[in-house]
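To start, the structure itself, in structure tokens.
The values are calculated or read from the model by the stated rules, or taken from the named source; none is laboratory data. Every value quoted in this text rests on a predicted model; they were computed, and no experiment measured them. All Cβ positions, glycine included, derive from the backbone under ideal geometry; neighbour counts span all protein chains shown. Areas reflect the complete protein model, heavy atoms only, side chains present, ligands, DNA and RNA absent. Shrake-Rupley method; radii C 1.70, N 1.55, O 1.52, S 1.80 Å.
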Amino acid sequence: KRLKDHYKTHKCATVANSLAWIMATTDDVKFRDGEQAVEFAEEAVAKKKSHWEQDTLAAAYARSGDFEEAVRIQKKAIELAENDSMIYTKKEIPEYRKRLTLYENNRPYTRKIVVSDDKVNDTVPEE
């Protein structure tokens, strides 16, 4: 709720991306919402077109059931990451490729995310 309130006030791409990531990837069904995740992720991508936002948008499309679009966008995220000069970005590419394989197999990416009033704890992926 705090993130949503912050986004309503500031319309920040980072907050929109965070909200989309949580809604698209959480294993907790009370916070999962593919359609709203797509909306937030598209807003984030409209403001900031990095591989992180593309990766989130792909996860959101996968969660909403549009795996064809998820695959297309995840490939774009991988391409952007491969062309990014930041060294830590290269560490993201194998994870992006794993998610691409999930989407190609019509499976969304799911993580254990603990959401409380004052923090979000993003933990190890569910298998």
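The table below gives the values:
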read-out: Residue count for segment 53-70, restricted to those that are among the aromatic types (Phe, Trp, Tyr) and crowded, with 24+ Cβ neighbours inside 10 Å; value: 1
read-out: Segment 71-113, subset of a type in the set (Val, Ile, Thr) and either free of Cβ contacts under 8 Å to residues at least 24 places away in the same chain or assigned to a loop (DSSP other than H, G, I, E, B) (or both), residue least open to solvent (accessible area, probe 1.4 Å); value: Ile73
read-out: Members of segment 30-52 that are at pLDDT below 90 and either open to solvent by less than 20 Å² (accessible area, probe 1.4 Å) or farther than 17 Å from Ile73 by Cβ (or both); value: Lys30, Phe31
read-out: Pairs where the first residue, in segment 23-34, is closer than 12 Å to Pro108 by Cβ and the second is small (Gly, Ala, Ser), C-beta under 6 Å, 6+ apart; value: Met23/Ala37; Ala24/Ala37; Ala24/Ala59; Ala24/Ala60; Thr25/Ala59; Gly34/Ser64
read-out: Hey, Asp27 in contact with an Asp or Glu (Cβ under 6 Å, 6 or more places away or on another chain) and surrounded by fewer than 19 Cβ atoms within 10 Å (Cβ to Cβ) or not; value: yes
read-out: Qualifying residue in segment 58-74 (condition: modelled with pLDDT of 95 or more and among the basic types (Lys, Arg)); value: yes
read-out: Matching residues, segment 81-127, being modelled with pLDDT of 70 or more and acidic (Asp, Glu); value: Glu82, Asp84, Glu92, Glu95, Glu104
